[in-house]
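Read through the structure below, which is laid out as C-alpha cells, and then see the notes.
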Amino acid sequence: MQNELRILIVDDHTLLIDTVVASLTSEFGFSVEAAGDVASAMAMIDQHGSFDVILLDYDVPGMKALEGLRLLIEANDGPVVLFSGVVNRTTVEMALDQGASGFVPKTLGLRALGHALQLVADGEVFLPAEFIRHANMPDTADFGLKPRELRVLTLLGEGMQNKKIGLELGLEEVIVKMDVKSICRKLKADNRTQAVITAMRNGLI
C-alpha cells in the first residue's frame, strides 16, 4: 500500500493543491486527485470508488461546519482526515467524535504529510505532536457550556457574525443570539469579544 495510495484532497486553494499534489506524487508515488468542494468530492467517490485517504479542508464549500465531514465519511470506504490551518482544538475534537481519522495542520511539512497519510491508510489516527501534548495537560473548566454553545463559541472565535454562524450550523439567527447571550453569561463576559478572550485563556478554543 505504501507507494500506491489513492488520495483525494478536498480544498479550493489551487496553489496549495498543486504544491501538495506534486509533492505527494513525486516523492511518495501516490495517486492524488483533487476536488474543490464537498459535492465534487462526493461525485468523484461515486464515479471512481473510494479513496485510501481523503484530506478535507474545514473551510471548503459544502462543509457547513462538519456536515461535509459526516457525508464524506459515510460515502468513502476509507478514512477522512481534517486538513486545515485555522481550526481550533474544539473543532478537531468534534471532528474526531464524528469519526475523522485525524487532523493534519497545513503547517505540516510535505514529507511529514506523506508519512501521516501512510499512517492513516494503515488504520491509525494521526494527530500532530502539539495536539497530543495539549491532551495530556490538566483539563480546563468547561463553564457548563452545552455542545451547541461550544460550536457557536468556536465560530465566534473565528470572527463570524450571528447570521453566518446560523448558516454554518443550520440554526435560526434568533437561536444563535440566544446561545451567544448564554455563552456570555456562563463565561461572565459583557460581550462576545470578552467571551472569546475568556475562552482562549481557558483553552476552550
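We did not get these values from a lab; they are worked out from the coordinates using the rules stated. A quick note: this is a predicted structure, and the numbers were derived from the prediction, not measured. Please note: Cβ atoms are built from the backbone with ideal geometry, for glycine as well, and neighbour counts cover all protein chains shown.
Averaging sequence separations of C-alpha pairs under 8 Å and six or more residues apart, then dividing by the length of the chain, give the relative contact order as a whole percent.
Working: 291 pairs, mean separation 32.3, N = 205.
Once divided by the residue count of the chain, the mean separation gives 16 percent.
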Report task. Just grab the label-to-label distance for residue 96 and residue 197, each label 7 Å out from Cα along the Cβ direction, in nm (one decimal). Result -> 3.0 nm
Query - region 137-205-region 10-52 distance, computed between alpha-carbon centres (Å) - result: 33 Å
**Report entry** For peptides 185-194, 148-157, 77-86, 31-40, sequence by mean Cβ density within 10 Å, most packed first
**Finding:** 148-157, 77-86, 31-40, 185-194
**Report entry** Pairwise label distance in nanometres, residue 129 with residue 164, each label 7 Å out on the Cα-Cβ vector
**Finding:** 3.4 nm
Query - Potential lengthening between residue 74 and residue 107 on full extension [0.36 nm per residue; Cα-Cα distance subtracted] - result: 9.1 nm
Query raised in the report: Out of residues 5 or more away from residue 80 or on other chains, whose amide H comes under 5 Å of its own, with H placed 1.01 Å from N in the peptide plane?
Result: 54, 101
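Scaled to the compact-protein estimate 2.2 N^0.38 Å, what is the alpha-carbon radius of gyration of region 147-201, rounded to two decimal places? Let's see the in-between values first.
Details: Rg = 9.9 Å, N = 55, 2.2 N^0.38 = 10.1 Å.
Against the compact-globule rule of thumb, the ratio is 0.99.
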Query raised in the report: What is the spin-label model distance, in nm, from residue 188 to residue 89 if the labels are put 7 Å beyond Cα along the C-beta direction?
Result: 2.1 nm
Report summary line: Pairs over 19 Å Cα to Cα, from 164/188; 64/164; 146/181, come to 164/188
Requested in this report: Using a cut-off of under 11 Å, list every residue of region 51-73 whose amide N is near the label point 7 Å from the Cα of residue 13 along the Cα-to-beta-carbon line.
Outcome: 57-60
